[in-house]
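Here the structure is laid out as structure tokens; the discussion comes afterwards.
The values are calculated or read from the model by the stated rules, or taken from the named source; none is laboratory data. Just so it is clear, the model here is predicted, and its values are computed rather than measured. Cβ placement follows ideal geometry from the backbone for every residue including glycine, while neighbour counts extend to all protein chains displayed. To get the accessible areas, we keep the full protein, side chains included, count just its heavy atoms, and leave off ligands, DNA and RNA. Shrake-Rupley method; radii C 1.70, N 1.55, O 1.52, S 1.80 Å.
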Amino acid sequence: MATTGSSATERVLDDPHAAHLVQLYGADPAPLVRSVGRYLADGLAAGEGAVVITTGPHCDAFLAELRALGADPAAAAAAGRLVVLDAHETMARFVVDGQPDRELFEATVRPVLTAVRERCPAGVRAYGEMVGVMWEAAQYAAATRLEAFWNALLSGGAFRLFCAYPIDVCGDGFTPSDIDAVMSTHTHVVPTGAELEPALERALQDVLGTSASALRPLMDAACRPSWAALPRAEATILWLRDNVPNLTGAILTRTREYAHLA
């Protein structure tokens, strides 16, 4: 299932059925910062709480984005409505021999979520990038295992979760086989950025010419039922890799240029 349109990010973030979100990002974290900032700010404005498990550079950017959106993270933290944890320090409490331990994970994370929920009956929005840290370290099985632990907690319905992975959608690592486990453990994918879809459409016209219009119905019809709901641009890139791999490199090179991706 692919989402389209300039407000695709807003629709996904506002969707009450989007229980387990994921966003993929490349060298430029700005689209991720905007999405996470909006996700957290909307929750705080609605009386919800927030638990953020992040790395140092991203933490500073998220808090700055919250302030830019009119939220007061310092006041929310003082009231116990916002809890910010360091991803590496949190992982150290439940990762054993390179793999997350379920009992230790729940003993680490559940009390934090419960405490925030007690203060915020309207709900809790969590953001976590521990899986992204694992992915960046090539600990793919550990990341998938941790997603399963998160999904077990999510089954209680007491919070929503937003994950992030350092996967460049225009890079060689964004293929159906490489990301199958990631897509299968989430409900919705947040678009990489508003610039990606128009840049990709322009690149398709450049490389495929009139064939692009003929192929578009096939691209849009592609469906992976066991995966998270995909934005149109990301779904198109995966279709291209599956069906016209010899042309995908040229299309994505131009997409990167048009979207001004690093």
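Computed quantities for the displayed model
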quantity: Rounded to whole Hz, the Karplus (6.51, -1.76, 1.60) HN-Hα couplings of segment 62-74, x for glycine and proline; calculated: 5, 5, 5, 5, 4, 5, 5, 8, x, 7, 10, x, 5
quantity: Using θ = phi - 60° and Karplus 6.51 cos²θ - 1.76 cosθ + 1.60, couplings along segment 120-128 (whole Hz; Gly, Pro as x); calculated: 10, x, 5, x, 9, 10, 10, 10, x
quantity: Residues listed by number, segment 225-246, amide nitrogen under 16 Å from D172 label point at 7 Å toward C-beta; calculated: 241, 245-246
quantity: Amide H contacts of L161 (H built 1.01 Å from N, under 5 Å, at least 5 apart or other chain); calculated: H20, L21, A126
quantity: Farthest toward positive dipole pole in the chain [+1 Lys/Arg, -1 Asp/Glu at C-beta], among P121, P31, L196; calculated: P121
quantity: For the chain, with +1 on Lys and Arg beta carbons and -1 on Asp and Glu, the positive-most of V109, L218, G156 along the dipole; calculated: G156
quantity: Length released on extending from E103 to A152, taking residue separation times 0.36 nm less the Cα-Cα span; calculated: 16.5 nm
quantity: Trypsin sites (Lys or Arg not before Pro) lying in DSSP loop within segment 104-155, provided at most 11 other Cβ fall within 10 Å; calculated: none
quantity: Amide H within-cut-off set for A229, under 5 Å, with H built and near neighbours excluded; calculated: H188, V189
quantity: Sum of -39500 (n - 2.57) over DSSP H runs of 4+, divided by residues of the chain (222 nm, nearest 500); calculated: -17000 deg cm²/dmol
quantity: Simple spin-label estimate for A64 and A214 in nanometres, 7 Å along Cα-Cβ; calculated: 4.9
quantity: Cα centroid separation - segment 186-246 against segment 56-103, whole Å; calculated: 33
quantity: Whole-Hz couplings from phi, Karplus 6.51/-1.76/1.60, listed for segment 77-94; x for Gly and Pro; calculated: 5, 5, 7, x, 8, 10, 10, 10, 10, 7, 4, 5, 5, 5, 4, 4, 7, 9
quantity: Computed magnitude of the charge dipole of segment 64-127 (debye, nearest 20; Cβ of K, R +1, Cβ of D, E -1); calculated: 320
quantity: Under-5 Å amide H pairs with I53, H placed in peptide plane, nonlocal only; calculated: L85, Y127, G128, E129
quantity: Most to least accessible of H188, H20 (protein chains only, probe 1.4 Å); calculated: H188, H20
